[in-house]
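The values are calculated or read from the model by the stated rules, or taken from the named source; none is laboratory data. Only a predicted model underlies this, so the values are computations on that prediction, with no experimental measurement involved. Using ideal geometry, Cβ is built from the backbone for each residue, glycine included, and neighbour counts are taken over all protein chains shown. Just the protein is used for accessible areas: all its heavy atoms, side chains included, with ligands, DNA and RNA removed. Shrake-Rupley method; radii C 1.70, N 1.55, O 1.52, S 1.80 Å.
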Amino acid sequence: MTSQPPRVAVLASGRGSNLAALLDAREHGELPVEFVLVGSDKASAGALRLAEAANIPTLALDPRSYPDRLAFDLDLFQRIGASGAEWLVLAGFMRIIDGAALRPWAGRMINIHPSLLPKYRGLHTHRRALEAGDREHGASVHFVTAELDGGPVIAQARLTIEAGDDEQQLAHRLLPLEHRLLPATLALLASGRLQWDGHAPCLDGRPLHAPLLLGEHGLRLAE
Ligand code: GRF
């Protein structure tokens with residue numbers, strides 16, 4: 001009997017370059033999962049067009065047609081559940097999600113955030129890193145909890161801030177790292193090697209004392 005690939009849903013609000021990276025990794029045999037749904041809060045999101053082109057079912061729900069955030073989130077997450085997804089990836093999903101909707105997904109839902117968390121949760125991360133005079137910047141993939149960008153960090157990609165970098169340059173140099181970080185982290189999660197028991201993320205049964213680091217050959221343990 002052949003086992004079925006893990007089923008993954010993705011939520012995205014924007015152009016979807018991280019979704020494209022996931023689809024690409026799958027295409028190249030580096031991410032053995034099945035994408036069962038791509039959902040968005042924006043009918044115009046580029047991510048939905050990418051999913052359509054890849055024959056992945058899509059879902060666009062307009063938050064304005066719901067009485068409040070909770071009603072929207074519960075409907076969205078009920079539909080994600082109905083898609084058969086076992087894992088959920090937020091790839092540029094620009095909404096705060098109600099804790100009640102998140103709870104059933106604890107340990108099965110990840111988000112990519114363009115900063116070295118716990119630094120710079122929320123928006124304008126590149127600008128904030130520059131304004132703080134940081135020498136290093138990066139991206140993080142973390143388990144999602146009710147705290148915005150606050151769940152346990154699984155893996156990070158780091159980059160050095162160069163003299164003269166501005167917000168756009170930093171975003172431009174970070175994005176290709178995000179595109180490697182997210183598929184690599186999802187592959188680890190979907191393989192069953194990475195788990196979250198409510199304390200620290202565990203790799204092969206051992207708690208991670210620091211986030212995994214993206215290196216030349218993929219993710220590795222931090223020294
Ligand atoms: C990425 O920078 C991601 O880290 C952030 O939103 C952006 C989404 O870009 N959360 P894209 O839509 O995947 O191109």
- Item | Förster radius 45 Å - calculated FRET efficiency between ASP75 and ARG158 (Cβ-Cβ, nearest 0.05) | 0.75
- Note on the structure: the range 96-165 accessible area per residue, 1.4 Å probe, protein heavy atoms, integer Å², reads 44 Å²
- Considering only DSSP states other than H, G, I, E and B, which GluC sites (Glu not before Pro) in the range 151-197 qualify as loop sites with at most 10 other Cβ atoms within 10 Å? GLU162
- Ranked by GNM mean-square fluctuation in the chain (Cα springs under 10 Å), the top entry among LEU123, LEU23, LEU102 is LEU123
- Message: Please compute the length gained on full extension between ALA132 and ARG220, using 0.36 nm multiplied by the number of residues separating them and subtracting their Cα-Cα distance.
- Response: 28.9 nm
- What one gets for the range 73-223 as the Kirkwood radius, inverse of mean 1/r over different Cα pairs in Å, is 16.0 Å
- Message: Can you compute the FRET efficiency between ALA60 and SER191 using 1/(1 + (r/R0)^6), with r the Cβ-Cβ distance and R0 = 30 Å? Round to the nearest 0.05.
- Response: 0.45
- Item | Among GLY151, GLY14, GLY198: highest mean-square fluctuation, GNM of the chain, C-alpha pairs under 10 Å | GLY198
- Note on the structure: Summed over the other residues with a beta carbon less than 13 angstrom from that of MET94, with K and R at +1 and D and E at -1, the charge totals +1
- Taking placed amide H atoms and a strict 5 Å upper bound, the residues 5 or more places from VAL10 or on another chain that come that close are LEU37, VAL38, GLY39, VAL89
- Full extension from GLN4 to ALA100: what is 0.36 nm times the residue separation minus their Cα-Cα distance, to one decimal in nm? 31.6 nm
- Task: Starting from the Cα-Cα distance between HIS28 and SER44, subtract it from 0.36 nm times their residue separation and give me the gain in nm to one decimal.
- Result: 3.0 nm
- Task: Report the semi-axes of the equivalent ellipsoid for the range 119-170 in whole Å, largest first, where each axis is √(5λ) for an eigenvalue λ of the Cα gyration tensor.
- Result: 23, 12, 8
- Message: Below 15 angstrom from the Cβ of LEU170, what's the summed charge of the other residues (Lys, Arg +1; Asp, Glu -1)?
- Response: -2
